[in-house]
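Below: one structure, written as structure tokens.
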Amino acid sequence: MSPSERRVVILGVAASDSHAVANHLIAHALRGVGFEVENLGTCTPVEEFADACDRHPDAEAVIIGSLNGHVHEDLRDLPAAREAGRITCPVIVGGNLSVGSKKDPRDLERLHELGVDRILSDPGQLVALLDELRAARTAERQLLVAS
């Protein structure tokens with residue numbers, strides 16, 4: 001990847017979650033394919049993601065993992081951060097997104113209502129998703145320039 005193709009993502013684990021292994025593996029994999037990763041680590045509140053977006057206005061995405069299932073509560077401040085313009089790039093969430101073995105389809109709807117753009121069930125698809133989001137943004141910009 002050339003310097004003009006610099007690709008930045010912000011990565012972290014939801015506020016109440018201290019699971020670090022997947023976070024480090026994802027950061028390592030993204031760096032391995034040329035991404036610059038600001039890894040905020042575990043137990044990251046929405047405010048810290050917003051601060052990272054302030055430092056990296058060119059970030060392609062905020063990627064939030066959760067394994068303890070409390071991501072809905074952890075992201076309760078996301079709507080305010082998005083409304084204030086502090087997190088403007090796509091927000092991707094993945095991991096175990098609900099407590100208990102019984103999964104409620106409404107859990108995913110609730111995440112979208114909070115301002116999550118994409119929910120990723122397979123971390124192996126993250127790079128493809130980031131490429132898809134980048135292509136969509138590029139096409140959107142081209143339409144704006146053409147109009």
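Only a single criterion out of (1) assigned to a helix (DSSP H, G or I); (2) among the hydroxyl-bearing types (S, T, Y); (3) at pLDDT 95 or above is not satisfied by S4, namely (3).
Selection of first residues in segment 98-117 that are of a type in the set (D, E, K, R) and of second residues that are assigned to a loop (DSSP other than H, G, I, E, B) and surrounded by 15 or more Cβ atoms within 10 Å (Cβ to Cβ), restricted to Cβ pairs under 8 Å at least 6 apart or on distinct chains, gives the following pairs, ordered by first then second residue: D104/S98; D107/L97; D107/S98; D117/P90. Taking segment 66-78 as the search range and keeping residues that are in contact with a helix residue (DSSP H, G or I) (Cβ under 6 Å, 6 or more places away or on another chain) and not in a loop (DSSP other than H, G, I, E, B), which one is surrounded by the fewest Cβ atoms within 10 Å (Cβ to Cβ)? Among residues in segment 66-78 that are in contact with a helix residue (DSSP H, G or I) (Cβ under 6 Å, 6 or more places away or on another chain) and not in a loop (DSSP other than H, G, I, E, B), the one surrounded by the fewest Cβ atoms within 10 Å (Cβ to Cβ) is H72. Among residues of segment 21-45 that are more than 15 Å from E5 (Cα to Cα), those with a beta-carbon under 7 Å from a residue that is of a type in the set (D, E, K, R) at least six positions away or on a different chain give the pairs L40/E48; T42/D17; C43/D17.
Once segment 83-99 is narrowed to residues that are more than 17 Å from V9 (Cβ to Cβ) and surrounded by 18 or more Cβ atoms within 10 Å (Cβ to Cβ), the residue that is modelled with the highest pLDDT is L97. Among the residues of segment 64-105, those identified as among the aliphatic types (A, V, I, L, M) and within 17 Å of A50 (Cβ to Cβ) are I64, V71, L75, L78, A80, A81, A84, I87, V91, I92, V93.
The values are calculated or read from the model by the stated rules, or taken from the named source; none is laboratory data. Please read all numbers here as calculations on a predicted model, not as lab measurements. Please note: Cβ atoms are built from the backbone with ideal geometry, for glycine as well, and neighbour counts cover all protein chains shown.
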